[in-house]
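**Student:** Sending over a structure as structure tokens; questions will come in a sec.
Nothing in this text is a laboratory measurement; each read-out follows from the coordinates by a stated rule. Quick caveat: nothing in here was measured; it's all calculated off a predicted structure. Cβ: placed from backbone, ideal geometry, glycine included. Neighbour counts: every protein chain shown.
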Amino acid sequence: MQIVGAYEAKTKLSALLDRVESGESFMITRHGSPVAVLTRPAEDQFTNAQKAIEGLLATRQKFAQAFEGLDSQGVKALIEEGRR
């Protein structure tokens, strides 16, 4: 793992990302103290995040269909019902 200062990481972020894509890792330091690690995510982390996003989008679509056709008065009635 290579060490890179925060200023250098900021100014060369695009190049660092290209190198991370090819498998390298970097520790970013500020005034000599480690503050972050820049590395490629594990495939299972990416897959889990992708599944979570797909689940959220499916839930959003389900609720959009459930409330389809409601006007502002219908929404207001549901809000009032929830307050009881």
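**Student:** What does the charge dipole of the chain about its Cα centre add up to, to the nearest 20 debye, if the Cβ of each Lys and Arg holds +1 and the Cβ of each Asp and Glu holds -1?
**Tutor:** Dipole of the chain, to the nearest 20 debye: 300 debye.
**Student:** As a test of the formula, what do you get for the chain when each DSSP H run with n ≥ 4 contributes -39,500 (n - 2.57) and the sum is divided by the residue count, at 222 nm and rounded to the nearest 500 deg cm²/dmol?
**Tutor:** After summing the helix terms and dividing by residue count, I get -19000 deg cm²/dmol.
**Student:** Give me the lysines in straight-line cross-link reach of LYS76: C-alpha distance below 25 Å, same-chain residues under 8 apart excluded.
**Tutor:** List returned: LYS62.
**Student:** Taking H placed 1.01 Å from N in the peptide plane, check which residues at least 5 places from LYS12 or on another chain put their amide H under 5 Å from its amide H.
**Tutor:** Residues meeting the amide H criterion: none.
**Student:** Between the alpha-carbon centers of region 1-38 and region 50-84, tell me the distance in whole angstrom.
**Tutor:** 43
**Student:** If you don't mind, another one. Amide H of THR29 versus every other amide H placed in the peptide plane: which residues, excluding those fewer than 5 positions away on the same chain, fall under 5 Å?
**Tutor:** Long-range HN contacts for THR29: VAL4, GLY5, ALA6, VAL35.
**Student:** I've got another one for you. For the chain, calculate the relative contact order in percent as a whole number, restricting contacts to Cα pairs under 8 Å that are 6 or more residues apart.
**Tutor:** Value for the chain: 20 percent.
**Student:** Something else now. Based on DSSP H assignment, which helices of the chain show an axial Cα extent of at least 15 Å together with a mean Kyte-Doolittle hydropathy greater than or equal to -1.0?
**Tutor:** Working: long enough: 43-66 (35 Å, -0.64); 72-83 (17 Å, -0.52).
Once both thresholds are applied, what remains is 43-66, 72-83.
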